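Asker: What follows is a single structure, and I will ask about it in a moment.
The values are calculated or read from the model by the stated rules, or taken from the named source; none is laboratory data. Predicted model, so just to flag it, every value in this text is computed and none were measured. Here the Cβ positions follow ideal geometry from the backbone for every residue, glycine too, while neighbour counts run over all protein chains shown.
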């Protein structure tokens, strides 16, 4: 596991009853010096998963109480309820004794499907974004992302370069693109909270930055290996707040994650 | 406050330090005998709000651990963090010593807007559903909702009757409609968790019912008085799970709430 950057940077070690030690790193930072919130959620989810009776995260929500800084951190977990097909838990990530992120999550077995799923209806009211193959998409030089260290660890290939890269925000806060870990690690469900929060925020096309207040991720299927087709979009920027929706589709054309965050517009 | 059903049924009384007593009622039930989950979240939000330094809920997430039954309940709250413009809290609703719902929330002042909002960008990438005036929309007899007591307390006016009412699910799990409290109470932000979870689930148009696992609501503006224009839609029903998105627009044309839930398909 430790051979890949994501696994190394989300590893947790038991340090007490329902308590784990972790290390927050600046290797996945966005445009600011704050530790990536999706990475913090992934650390919490990894610790939570160790005590869950089901293998897959199904939904996870995070409240971002304080900005995280690199260094030693502690995750405390609790199992809130274990049912027949779903289990619920909570995790709290702290640094220097101060809580940074509060996470709640449900786990299930997405291989088995939900109870009664075999007989249930199926409806697919959308598909992956229509993108040229990754080899024909735009490649952004890592330097285009300025201070964002995450650009060294996640490959990002949109059909066309976003306007903000050229210093000309395009005014339309949405984008389709391919994504994958740069070191060849295939994505899994544990990586989804990071992946849905790892690209330049849609509001950069409005000339702004973003600070996440809350992020909820639905996990809908275990991803197949390979490139992930992604769609990020913001529809409402009002009164200093905005939402960002994110979809991740795997190489088999299945929706694997759907997320929404509420964030402060930072100008 | 007690003159209106919603206020009476979400009232909480202090019963200890950070502890409140509440009563769960079956007056807002949907198609099953389970207490409405949105009502349970509204009760938690009301209790949380009593200890918050800001007046408005900004985002609230609920994990539904167990089905609620009518009767006496307890809400325990904690203030997780109070910042300059945002405060965070958690609430837990229990009945007979068992936790039913775990809620996390952020509060802010939506009257003041977020810090720096005055200079920030505004983008509105969507509008309210195009509906005929409420007086020209379909009115469903309360009996059409079968066991759903909520139909006595919330008026629901779609442009056309949904197929499931005629016993002919239409196959398209989305709907636009007007909504308001039947007793004349105007909606406020505290009511939003109930209102986004109070109509027949979109999957009824696929011949199924729904059991919510997680619900997150973004509160975007204090609602103006009057009818609310609503849009409910489900895009992905796969493996026994589905999401449902919900938007509520007020009579001035402003988006006031945007929600998404992850739910089990019940057949």
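Asker: Of the conditions (1) out of contact with any helix residue (DSSP H, G or I) (no Cβ under 7 Å at 6 or more places or on another chain); (2) over 26 Å from residue B:107 (Cα atoms); (3) within 12 Å of chain B (Cβ to nearest Cβ), residue A:226 satisfies every one except a single condition; which number is it?
Answerer: So residue A:226 meets the others, but not (3).
Asker: So, one more: Step by step: first the residues of the range A:194-205, then only those that are buried (at least 24 other Cβ atoms within 10 Å of the Cβ) and not in a loop (DSSP other than H, G, I, E, B), then the one that is nearest to the other protein chains (Cβ to nearest Cβ). Which residue is that?
Answerer: Selected residue: A:203.
Asker: For the range A:90-117, which positions are at pLDDT below 95 and either at the interface with another protein chain (Cβ under 8 Å from one of its Cβ atoms) or touching a helix residue (DSSP H, G or I) at 6+ places or on another chain (Cβ under 6 Å) (or both)?
Answerer: Once the filter is applied, which keeps residues that are at pLDDT below 95 and either at the interface with another protein chain (Cβ under 8 Å from one of its Cβ atoms) or touching a helix residue (DSSP H, G or I) at 6+ places or on another chain (Cβ under 6 Å) (or both), the range A:90-117 yields A:110, A:113, A:114, A:115, A:116, A:117.
Asker: If you check A:68, A:51, A:30, which single one turns out to be assigned to a loop (DSSP other than H, G, I, E, B) and either over 18 Å from the mean Cα position of the chain (by Cα) or at positive phi (or both)?
Answerer: None of the others qualify; the one that does is A:51.
Asker: What tally of residues in the range A:238-266 results from selecting those that are farther than 18 Å from residue B:245 by Cα and either part of a strand (DSSP E or B) or in contact with a strand residue (DSSP E or B) (Cβ under 6 Å, 6 or more places away or on another chain) (or both)? Please lay out each step first, then the result.
Answerer: Applying the first criterion (farther than 18 Å from residue B:245 by Cα) to the range A:238-266 yields A:238-241, A:249-254, A:263-266.
Add one more test, that the residue is either part of a strand (DSSP E or B) or in contact with a strand residue (DSSP E or B) (Cβ under 6 Å, 6 or more places away or on another chain) (or both), and what stays is A:238, A:240-241, A:249-250, A:263-266.
Qualifying residue count for the region: 9.
Asker: I want to confirm something. Restricting to the range A:252-267 and keeping residues that are more than 8 Å from every other protein chain (Cβ to nearest Cβ), in contact (Cβ under 8 Å) with a residue 40 or more places away in the chain and within 18 Å of residue A:125 (Cα to Cα), which single residue is farthest from the chain's Cα centre (by Cα)?
Answerer: Filtering first and then ranking leaves A:253.
Asker: Out of A:151, A:144, A:191, A:187, which single residue is away from chain B (no Cβ under 14 Å), without any contact (Cβ under 8 Å) to a residue 24 or more places away in the chain, in contact with a helix residue (DSSP H, G or I) (Cβ under 7 Å, 6 or more places away or on another chain) and crowded, with 20+ Cβ neighbours inside 10 Å?
Answerer: The unique qualifying residue is A:151.
Asker: Filtering the range A:118-133 down to residues that are surrounded by fewer than 17 Cβ atoms within 10 Å (Cβ to Cβ) and not in a loop (DSSP other than H, G, I, E, B), which residue is farthest from the chain's Cα centre (by Cα)?
Answerer: Among those that are surrounded by fewer than 17 Cβ atoms within 10 Å (Cβ to Cβ) and not in a loop (DSSP other than H, G, I, E, B), it is A:119.
Asker: For the range B:80-98, which residues satisfy the criterion of being part of a strand (DSSP E or B) and more than 22 Å from the chain's Cα centre (by Cα)?
Answerer: B:80, B:81, B:82, B:98
Asker: Looking at A:77, A:86, A:69, which one is within 19 Å of residue B:263 (Cβ to Cβ) and in contact (Cβ under 8 Å) with a residue 24 or more places away in the chain?
Answerer: Values: A:77 fails: within 19 Å of residue B:263 (Cβ to Cβ); A:69 fails: within 19 Å of residue B:263 (Cβ to Cβ).
Answer to the check: A:86.
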